[in-house]
Amino acid sequence: MTIRIATFNTENLFRRPKAFELENDADRQEVLNDYAELVSLLEQPVYQEADRERIAELVVKYRAYDSDPQNPPLIYVNQTRGGSAQLFRKTGDKNSPTIEVTAKGRGKWLGWAELTRTELDWTVVRNTGRVVAEVNADVLLTVEVEDRLALARFNEQVLGGALGKQPYPYTMLIDGNDPRGIDVGILSRHPIRSIRSHLSELRSKGHPLFSRDCPEYEIALDGTSLWVLGNHLKSKRGGGASLRLAQARRVAEIYGEALDRSPYVVVAGDLNDSPDSEPVERLLATGARDVMSPPVYTGDPGTYGTGHSLNQKIDYLLCSPELLGLVRHVDVERRGVWAPRTFKSFDTVTSKATEASDHAALYADVDL
């Protein structure tokens, strides 16, 4: 039996943070950095004077108080209506508001900050479906998916409906720790026998270890099991190197535990780091190997953007030794990415705005 295993960072299926629509990378990065800073400040048990001033500054900068649906802000602070459990008080006129942070700490107000999300254009959704349909994997690890219902609707209405393909009989996603709705799910043509989540594991100061989760999906394959360890490690935005390394160390432990249950284990997903980085090297120290290693694969080394550079290699299928020995073919589906100077995209991918994702889909054929 030959099965195709794949991983694809979809960058959301139907809804994406509005900040991602900014054309300039530096502008987009600034919003994400400011959002991360605001979330971190809001989680402080006690707000010092400097904290309150910076929170107010960010709220004003992004109109985070404005709920106008016709012109939504990039960042919005969702707080309870009325009562005393409020983060701030807004005074002044619309063009020159004054924000006074009245809450004394995280436990003194109800609400949260969020990146405002907008609906993706149908062309983008369809192009994402084209990538999935062209890869036609038997087991597809999906990264950056909003939630389980979004994955199910995409499977049924986009793959099975608009594109006229056979939808996957098995879909699963466990909502993770990221408030932006970028979770790790799976589409499978084989039964999902069991699921193990590591959502609640903690690091120092009681914070979650995994930025999303490291779900373990056990796929039933004619009397044996394939364990898929889905990952989306901490990104390099705003630092995060130490957390990414801590996550990789724990994934290495989870991989070893899975290997005790079956010789067929794959660590799949977006590791947000290159093969020569410390987190990836920690995973390779387990004996797992990436399917893009020669001699099976000899194409461009990257999976992100143009894919020309090894620094653009951030998506992985790290296979256990026995599983790697059964790999017969490896390829990367890049046509959903817009890179006109490097390769030809789908005819429906005509600009950065219409690309399915800036990640390519990586897949491997395994002869079991």
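The values are calculated or read from the model by the stated rules, or taken from the named source; none is laboratory data. From a predicted model like this one, the values you see are computed outputs, not experimental measurements. Neighbour counts run over all protein chains shown; Cβ positions are idealised from the backbone, glycine included. Areas reflect the complete protein model, heavy atoms only, side chains present, ligands, DNA and RNA absent. Shrake-Rupley method; radii C 1.70, N 1.55, O 1.52, S 1.80 Å.
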Practice problem: Can you confirm whether region 34-41 contains a residue that is outside any loop (DSSP other than H, G, I, E, B) and within 25 Å of Gly269 (Cα to Cα)? | Solution: yes
Quiz item: Residues Arg52, Arg130: which one is farther than 29 Å from Lys352 by Cα, part of a helix (DSSP H, G or I) and basic (Lys, Arg)?
Solution: Arg52
Practice problem: Give the residues of region 212-234 that are at pLDDT 95 or above, polar (S, T, N, Q) and either surrounded by fewer than 24 Cβ atoms within 10 Å (Cβ to Cβ) or over 14 Å from the mean Cα position of the chain (by Cα) (or both), sorted by residue number. | Solution: Ser225
Practice problem: Kindly check whether there is at least one residue in region 59-67 that is over 30 Å from Thr142 (Cβ atoms), assigned to a helix (DSSP H, G or I) and open to solvent by less than 70 Å² (accessible area, probe 1.4 Å). | Solution: yes
Quiz prompt | Those residues of region 141-179 which are open to solvent by 40 Å² or more (accessible area, probe 1.4 Å), among the hydrophobic types (A, V, I, L, M, F, W, C) and without any contact (Cβ under 8 Å) to a residue 40 or more places away in the chain, in sequence order | solution = Leu149, Ala162
Practice problem: Only one of these is on the phi > 0 side of the Ramachandran plot, of a type outside the set (A, V, I, L, M), in contact with a strand residue (DSSP E or B) (Cβ under 9 Å, 6 or more places away or on another chain) and modelled with pLDDT of 95 or more: Gly307, Gly302, Gly325. Name it. | Solution: Gly307
Exercise. Out of the residues in region 15-36 that are surrounded by fewer than 19 Cβ atoms within 10 Å (Cβ to Cβ) and in contact (Cβ under 8 Å) with a residue 60 or more places away in the chain, state the one that is farthest from Asp358 (Cα to Cα).
Key: Ala36
Quiz item: Restricting attention to region 180-189, which residues are outside any strand (DSSP E or B) and either open to solvent by less than 30 Å² (accessible area, probe 1.4 Å) or modelled with pLDDT of 95 or more (or both)?
Solution: Gly181, Ile182, Arg189
Practice problem: Mind listing whichever residues of region 246-271 are open to solvent by 20 Å² or more (accessible area, probe 1.4 Å) and in contact with a helix residue (DSSP H, G or I) (Cβ under 7 Å, 6 or more places away or on another chain)? | Solution: Arg249, Pro263, Tyr264
Quiz item: Within region 294-306, can one find any residue that is among the β-branched types (Val, Ile, Thr), under 17 Å from Ser225 (Cα atoms) and either open to solvent by 70 Å² or more (accessible area, probe 1.4 Å) or part of a strand (DSSP E or B) (or both)?
Solution: no
Practice problem: Go through the residues of region 340-353 one by one and say whether even a single one is crowded, with 19+ Cβ neighbours inside 10 Å, in contact with a strand residue (DSSP E or B) (Cβ under 8 Å, 6 or more places away or on another chain) and assigned to a loop (DSSP other than H, G, I, E, B). | Solution: no
Quiz item: If you check Asp68 against the conditions, is it under 25 Å from Glu146 (Cα atoms) and of a type outside the set (Phe, Trp, Tyr)?
Solution: yes
Exercise. Return the pairs, sorted by first residue and then second, in which the second residue is open to solvent by 30 Å² or more (accessible area, probe 1.4 Å) and assigned to a loop (DSSP other than H, G, I, E, B), the first residue lies in region 197-226 and is more than 30 Å from Thr2 (Cβ to Cβ) and among the hydrophobic types (A, V, I, L, M, F, W, C), the beta carbons are less than 8 Å apart, and the residues are 6+ apart or on different chains.
Key: Leu199/Ile174; Leu199/Asn177; Leu209/Glu201; Leu209/Arg203; Phe210/Asn177; Phe210/Leu199; Phe210/Glu201
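Give region 90-119 a look and list any residue that's loosely packed, with under 12 Cβ neighbours inside 10 Å and in a strand (DSSP E or B), or say none.
To start, the set of residues in region 90-119 that are loosely packed, with under 12 Cβ neighbours inside 10 Å comprises 91-96, 100, 107, 119.
Those that are loosely packed, with under 12 Cβ neighbours inside 10 Å and in a strand (DSSP E or B): Thr91, Gly92, Glu100, Glu119.
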